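The values are calculated or read from the model by the stated rules, or taken from the named source; none is laboratory data. Note that the coordinates shown come from a computational prediction; the quantities given were computed from them, not determined experimentally. Methodologically, a virtual Cβ is constructed for each residue, glycine included, from the backbone with ideal geometry; neighbour enumeration extends over all protein chains shown. For the accessible areas, the whole protein counts, side chains as well, though only heavy atoms, and no ligand, DNA or RNA atoms are used. Shrake-Rupley method; radii C 1.70, N 1.55, O 1.52, S 1.80 Å.
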Amino acid sequence: MRKWIFIAIVLMILGLSALRGDGQPLHARGLQQTSPTPPHHLFLPSLFKIPTPSPTATPTATATPTVTDTPTATDIPTETATPTETSTQPPPPTSTPLPTPPGNVYFNIALLQGCEPNAGVTYVQGTTYVNGVAQSGYLVAFSWMPDGPIVAFIRSGPHPGYEGWNPGFYSHILQANGPREGNWYFWIMDANQNRISAIANVRTDGEAGPGKCQQAVIDFDSRPTVNQSPTATPTRTATPTRTPTPTRTPTGGPLFRLTEQRLWDVVENGGWLDGDSVHCGERRELHVFVYDAAGNPLNGVAVQGIYTGVVEITGQQGKGDGEVEFVLGSGEDVRVLRDVSGSDVSSDVAVNNTTRTNQIPFAQLIQARYCRDQASCQAFVAANGCWGHFSWTVKFQRRN
């Protein structure tokens with residue numbers, strides 16, 4: 001650049017000197033005389049156009065936006081896709097939850113219907129009812145003590161593995177290869193293993209034979225409180241929970257087993273049948289019979305009413321050998337309290353000898369001819385049929 005400026009200055013000097021060499025000075029007043037046209041190479045503006053184009057040509061550097069094309073790297077959201085896989089996998093359960101029994105039900109009746117000998121297997125079976133109707137889905141548990149550690153439980157009615165069971169039916173095998181001696185307590189529990197029923201007790205024998213127990217039937221039923229009935233007195237409105245008193249722990253003394261518990265027939269209780277109509281009797285009695293191991297009536301045995309605390313001695317009421325009678329109010333549970341020698345004994349408890357219609361299982365009402373089937377039993381219970389006028393027979397037998 002400096003070189004070109006220097007050349008331009010030299011040329012200007014030379015040009016001026018050349019003009020002066022012509023000998024023709026310029027006259028200021030002779031404006032009509034113009035100076036000669038300067039040489040073409042003295043057109044100076046051309047000198048400043050040369051350097052400017054070169055810097056503007058460098059915009060080729062702006063073509064480097066190809067680097068900004070690398071945002072293809074931002075296309076790697078494949079990483080964020082991975083959480084969707086893990087989020088769809090639920091955590092594995094730590095334990096299998098128990099099935100929740102249907103409804104909010106308390107089973108106020110737990111009834112030992114009877115027990116028979118069986119040399120091949122020892123078991124307890126029965127049915128869970130609600131208002132006398134067989135209902136499935138309830139968890140029946142058992143232990144060797146009331147509210148004790150649960151040995152096992154089973155769901156009543158048909159369920160996976162037991163599809164052929166009848167509604168409400170359950171079964172617990174205590175020993176599959178012969179008689180098993182033990183004192184067992186059965187109840188119904190909820191999904192949290194809380195007891196939601198009264199407790200039923202049964203004692204099984206270690207040997208089979210007449211009067212022994214290896215196959216027992218225990219039924220559960222839930223009957224609502226009856227608040228009013230056409231002929232009821234106010235005392236009928238409260239239906240207490242009838243939890244059986246636990247059997248005494250064996251002390252080495254005599255053992256008395258419950259061998260029969262039966263609701264009296266309509267006619268036996270002083271009533272009669274007229275076609276489909278039931279005419280109720282007026283009796284409300286509980287007759288208890290006690291026998292020795294050979295089946296002979298035993299006099300002098302103390303029998304206790306659990307709720308009233310009344311103790312009666314067999315043979316002393318004039319009812320007959322080995323027999324005592326209790327007059328029933330709303331009902332009574334009974335057991336053998338002392339042997340003929342006056343020593344304490346171990347005894348089963350006969351529970352739910354009730355006079356309240358809504359506490360008697362349909363199976364017993366049908367057997368005693370108060371109704372014929374489920375529909376007629378429901379109608380009989382809804383009408384409080386024969387309320388307060390039922391009688392029972394209970395039998396105990398000494399086993400040792």
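At-a-glance table
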read-out: Residue in the range 335-354 that is touching a Gly at 6+ places or on another chain (Cβ under 8 Å), aliphatic (A, V, I, L, M) and open to solvent by 40 Å² or more (accessible area, probe 1.4 Å) present; value: yes
read-out: Hits in the range 379-397 (condition: of a type outside the set (S, T, N, Q) and outside any helix (DSSP H, G or I)); value: 383, 385, 386, 387, 388, 389, 390, 392, 394, 395, 396
read-out: Number of positions in the range 128-163 that are open to solvent by less than 70 Å² (accessible area, probe 1.4 Å), touching a Leu at 6+ places or on another chain (Cβ under 9 Å), of a type outside the set (Phe, Trp, Tyr) and not in a loop (DSSP other than H, G, I, E, B); value: 2
read-out: Sole exception among (1) open to solvent by less than 70 Å² (accessible area, probe 1.4 Å); (2) closer than 17 Å to residue 217 by Cα; (3) part of a loop (DSSP other than H, G, I, E, B) for residue 166, by number; value: (1)
read-out: The range 179-191: number of residues that are at pLDDT 90 or above and either charged (D, E, K, R) or surrounded by fewer than 17 Cβ atoms within 10 Å (Cβ to Cβ) (or both); value: 4
read-out: Among (1) over 22 Å from residue 349 (Cα atoms); (2) open to solvent by 40 Å² or more (accessible area, probe 1.4 Å); (3) not aliphatic (A, V, I, L, M) - the single one residue 307 does not satisfy; value: (1)
